[in-house]
Amino acid sequence: MTTLRRYLAERLAAAVVTLLGVSLIVFLMVRVLPGDPARVIAGVLASEEEVGRLRSQLELDRSLPVQYGSFLLRLARGNLGVSARTSEPVTREVLGRLPRTVELAVVSSAIATAIGIAAGVAAAACPYSIVDYLLSVVTLSGVSMPVYWLGLVLIIVFAIDLNWLPAAGAEEPASIVLPALTLGAFSMALIARMTRSSVLEVLGQDYVRTARAKGLAERAVLWRHALGNALVPIITAVGLQFGALLGGAVLTESVFGWPGLGLLLIDSIFARDYPVVQGIVLTFSALFTLTNLLVDLLYAYVDPRIHYG
Amino acid sequence: MSIRVSITAERSGARHRPRWPYGLRSWRRFRRHRAATAGLLLLLALSGLALAAPALTPEDPEGQDLGRALAPASRLHPLGTDHLGRDLLARLLYGGRLSLLIGFLAVGLGLAVGVPLGAISGFRGGVTDLIIQRFADVLLSFPGFLLALSLVSVLGVGLQNVVIAVGVGAIPSFIRLVRGSVLSIRQQTYVEAAAAIGQRQRTIIFCHVLPNAIAPVIVQATLNLGSAILVAAGLGFLGLGVQPPTPEWGTMLGEGRQYIFRTPALTTYPGLAIFLAVLGFNLFGDGLRDALDPRMGTR
C-alpha cells in the first residue's frame, strides 16, 4: 500500500508539473506573437489609446517572469482574463460553452464504448472468421477516417438524402446524434481493437478452459469470465479516449455548428481573441491531464496485480 | 578503434540474428502480410498519381473560369469543377503532392527533434531525462488536434507554419519510443564495450545505440505520417492551413463544404483521398511492425 501511495503521489506531482508546463506554453502564446502583441490583439483599426490600455491590461509592459507570476496568480483565482472581442470575462464564456462540449463527449463516449466493446467481443469470439476480418476493416477505416469528412458524409446521407436527422445546430434533442457518431467513430474503432485483443488474451487462460470444461455456456464464458477479466485495459482505453474526445470535439463542433467550446475556439482564433484562445486551450489541456490522471489512479486502485516499484 | 567496436557489435548481434537473413525474413514476413502489401500499393498509387499530375491532366489546378463553376463531371472535367470553375481532378492530383509533402516534412521535423532528444534522455538519465520527459508530457497534454491548432493560431497560416505545427505534435511520440529502446540497448555488451574503450558519449549514442533502435522508429514514423496528413488536412479544412488558391486536400474539403447541398463531389473526392492516404500509411505501418518485429504485432 505504501508503494501504491508513493506511486499516486508521484503521479499527482507529475500532473502538477505538466499543468505548470502547459500554463507556461499558453502564457507564452501571446508573448511570442510577431510584432506588438497588444496591437495584434486590438486589431489594426484600434487607436493608440486602446492599444496602450490593452498592453497594461495584459501587463505586457512588465518583465516576463513578473507577467508569468501574475498570470499564475490570476489562474489560481479562476480568472482567465477578459475577452478582447466581447469584454466579457473569459471564465464566464468558457463555462457557458463547456457543458455543451462535455455533453457531446459523454454521449460520444457512451456510444463508442457500447458499440466498441460489443464489436470487440464478437470478433474475439470467432477469431480469424469473416466477422473478425470485417471488423478489422471497419476499425481500420474508423482510425483512418478524417472526422470532418465523416461528419460531412453523415450530413449528406442522413440529413440531406434521407432527411432523418438535423444537419447542424443543437436546437432539437436529435441534433446530437450525428455529431456524437462522428466524434465517437475513432474511439469506437480503438475500443473495439483493444477489446478484441484483451478478450482473446484472456480466452487463452487456464481458468477459461476450466469454465468451459465444467460445461458453462459459451456466452457466460465470454461475457462473464473473459470480458470481466479483460475489463481493466478496456476501461483504461475508454478513460483515455474520453480525454481525447474533449480535444477532438473542435473539428466535430465546427462541422455541425455545435455550440461548444471547440466552435468558440475556432471563432476566437479567426477573431484574434487571444485571451479566449488561451483560456480554452488551458481548459482543454487541464481536463485532458486530469482525466488521464484519474484513469491512472483508478487503474492502480482496481488492479491489485500491478506492481508499482 | 571504432571499427573494432562495430565489428564486436555486429558479432554480438550476429550470433542470434544475422543481418542479411534478418532483413530477408522481414521482407518475406512483410510480403505475406496482405493488408500491408495493399497499403504499400495504395501509397505507391497515390504518390504516382500526384507525381504524374502534369502528364495526367492538361488543366491548371489554379486556373479559374467562373463560366463553368460547379459543372458536373464531363469528358473535359472527369470529376467536374469547383465553385471557381477550377478542374477538380487537377486540383486533387496536384493537391496530393502538397498533402503528402506536408506529412513527410512534419514527420521529418518530429524525427529530427524527437529522436536525438529521446536518445539523450534514455542514455544520460538523471535530471536531463527528467526535463526531457516533462517536456514530452507537456506536449502530450494538448489533446489531439489542439496543439497544432494552438501553434497555428500564434504562428499564422501557410505551408511552413503548418509543417511546424504538425511536426511539433509528432516529437513526443519519438522521444518516448527512442528513450525506451535506448534504455534497453544501453545494457547490451557492445555498448558497455564501447564505453570501456573510452568512446565519447555522442559517438556511442549516434553510432551504436541509435542504429539498433531504428526499427520501431521507422514503424512509428510510418504511422505518424497518416496522423500528420489528418491533422494538416484538418487545419486546411478549418481555413488555418495552406491557403487558397493552392490546392491541398484539407483546404479543398473546407472550401467544398459550403456547396455540400449542391455539389457533394467537392467534399467527397478530397475526403476520400485523405482517407485512402491515411489508410495506406496505417496498413503499411502495421505490416512493417509485424515484419520488423513480430513480437510487436497486435494481431
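For the range A:239-257, list residues with backbone N below 13 Å from a point placed 7 Å from the Cα of A:Phe270 toward its Cβ?
Inside the label zone: A:254-257.
Just the number, please: carbon plus sulfur as a percent of the accessible area of chain B, 1.4 Å probe, no ligands or DNA/RNA counted.
Values: 8530 of 13680 Å².
The computed percentage sits at 62.
For all pairs of alpha-carbon atoms in chain B, what percent lies in each bin of width 10 Å, listed from the first bin to the last filled one?
Spelled out per bin, shortest first, that is 6, 23, 27, 22, 13, 6, 2, 0.
Could you compute the net charge surrounding A:Thr91? Neighbours are other residues with a C-beta less than 13 Å from the C-beta of A:Thr91; K and R count +1, D and E count -1.
+2
In terms of the Cα gyration tensor, with a ≥ b ≥ c the square roots of its eigenvalues, is the range A:75-148 rounded because a/c is under 1.5, prolate because a/b exceeds b/c, or oblate?
Working: a/c = 4.80, a/b = 3.30, b/c = 1.45.
It comes out prolate by the Cα gyration axes.
Calculated FRET efficiency, B:Leu76 and B:Ser184, Cβ-Cβ r, R0 56 Å, to nearest 0.05?
Values: r = 60 Å, r/R0 = 1.06.
That gives a FRET efficiency of 0.40.
Within the accessible area of the range A:23-76, what % is carbon and sulfur when the probe is 1.4 Å and the other protein chains stay in place? Could the numbers behind the result be given before it?
Working: 1920 of 3020 Å².
Of all accessible area on the range A:23-76, carbon and sulfur atoms account for 64 percent.
Semi-axes of the equivalent ellipsoid for chain A, please: Cα gyration tensor eigenvalues, times 5, square-rooted, ordered largest first, whole Å.
Details: eigenvalues 388, 144, 34 Å².
The three semi-axes for chain A are 44, 27, 13 Å.
Over the protein assembly as shown, how many percent of alpha carbon pairs lie in each 10 Å bin up to the one with the longest distance?
3, 14, 24, 26, 20, 10, 3, 0, 0
Are there any residues in the range B:140-170 with a reduction of at least 40 Å² in accessible surface when going from the isolated chain to the assembly of protein chains? Probe 1.4 Å, please list them by number.
B:Ser141, B:Phe142, B:Pro143, B:Phe145, B:Leu146, B:Leu149, B:Ser153, B:Val154
Only protein chains counted, 1.4 angstrom probe. Which residues of the range B:265-281 are at least 40 Å² less accessible in the assembly than when their chain is isolated?
The answer is B:Phe275 - residues whose exposure falls by at least 40 Å² when every protein chain is included.
Please work out the FRET efficiency for the pair A:Asp61 and B:Arg262, using the Cβ-Cβ distance as r and a Förster radius of 45 Å; give the result to the nearest 0.05. Display every interim value, and only then the final one.
Details: r = 52 Å, r/R0 = 1.16.
The pair A:Asp61/B:Arg262 has a calculated efficiency of 0.30.
Give me the three principal axis extents of the range A:46-113 from the C-alpha atoms, as integers in angstrom, largest value leading.
Projected onto its principal axes, the Cα set of the range A:46-113 covers 51, 28, 17 Å.
Roughly speaking, to the nearest percent, how much of the range A:98-302's 1.4 Å accessible area is carbon and sulfur?
Details: 5670 of 8270 Å².
On the range A:98-302, the fraction of accessible area on carbon and sulfur atoms equals 69 percent.
For the interface of chains A and B, what total accessible area is buried with a 1.4 Å probe, rounded to the nearest 100 Å²? Display every interim value, and only then the final one.
Numbers: alone 16450 and 15520 Å², together 28350 Å².
Approximately 3600 Å² gets buried when A meets B.
Once every DSSP H run of n ≥ 4 in chain B is given -39500 (n - 2.57) and the sum is divided by its residues, what mean residue ellipticity at 222 nm do you get, rounded to the nearest 500 deg cm²/dmol?
On the way: 12 runs with 207 residues, N = 299.
Counting only the DSSP helices, I get -23500 deg cm²/dmol.
Rg to Rh ratio, the range A:203-260, alpha-carbon atoms and Kirkwood radius? Don't skip to the end; give the middle numbers.
Numbers: Rg = 19.0 Å, Rh = 14.2 Å.
Dividing the radius of gyration by the Kirkwood radius yields 1.34.
Would you mind checking the tilt of helix B:146-155 against the longest principal axis of the Cα atoms of chain B, expressed as 0 to 90 degrees and rounded to 10?
Helix B:146-155 and the main axis of chain B meet at about 70 degrees.
What does the convex hull of the Cα atoms of the range A:33-170 come to per residue, in Å³, rounded to a whole number? Kindly include the intermediate steps, with their values, before the conclusion.
Numbers: hull volume 30.5 nm³, N = 138.
So the per-residue hull volume is 221 Å³.
Which value at 222 nm does chain A reach when only helices count, each DSSP H run of 4 or more adding -39,500 (n - 2.57), with the total divided by all residues and rounded to the nearest 500 deg cm²/dmol?
Details: 12 runs with 222 residues, N = 309.
Rounded to the nearest 500, it is -24500 deg cm²/dmol.
What Kirkwood hydrodynamic radius do you get for the range A:23-76 when you take the inverse of the mean 1/r over all pairs of distinct Cα atoms, in Å?
11.6
Stretch A:Leu12-A:Glu172 to full length: gain in nm at 0.36 nm per residue minus the Cα-Cα span?
Numbers: separation 160, 0.36 × 160 = 57.60 nm, distance 4.06 nm.
Between A:Leu12 and A:Glu172, full extension yields an extra 53.5 nm.
Please find the FRET efficiency linking A:Arg53 to A:Glu201, where r is the Cβ-Cβ separation and R0 is fixed at 56 Å, and quote it to the nearest 0.05.
On the way: r = 62 Å, r/R0 = 1.11.
Computed FRET efficiency for A:Arg53 and A:Glu201: 0.35.
Under the Kirkwood approximation for Rh and a Cα-based Rg, what ratio Rg/Rh is obtained for the range B:147-299? Before the final figure, lay out each step's value.
Values: Rg = 20.4 Å, Rh = 17.9 Å.
Here Rg/Rh amounts to 1.14.
Roll a 1.4 Å probe over the protein chains and send me the accessible area per residue for the protein assembly as shown in Å².
47
Quantify how strongly other chains surround peptide A:243-251 by giving the mean number of their Cβ atoms within 10 Å of each of its Cβ atoms.
Values: counts 3, 4, 2, 3, 8, 5, 4, 7, 9.
Taking all residues of A:243-251 together, the mean is 5.
Label A:Val106 and B:Thr128 with points 7 Å out from Cα along Cα→Cβ: what is the distance between them in nm?
For A:Val106 paired with B:Thr128, the spin-label model returns 4.8 nm.
The values are calculated or read from the model by the stated rules, or taken from the named source; none is laboratory data. Source: prediction; values computed, not measured. Cβ atoms come from the backbone with ideal geometry, glycine included; neighbour counts cover every protein chain shown. Side chains included, ligands, DNA and RNA excluded: accessible areas come from the protein's heavy atoms. Shrake-Rupley method; radii C 1.70, N 1.55, O 1.52, S 1.80 Å.
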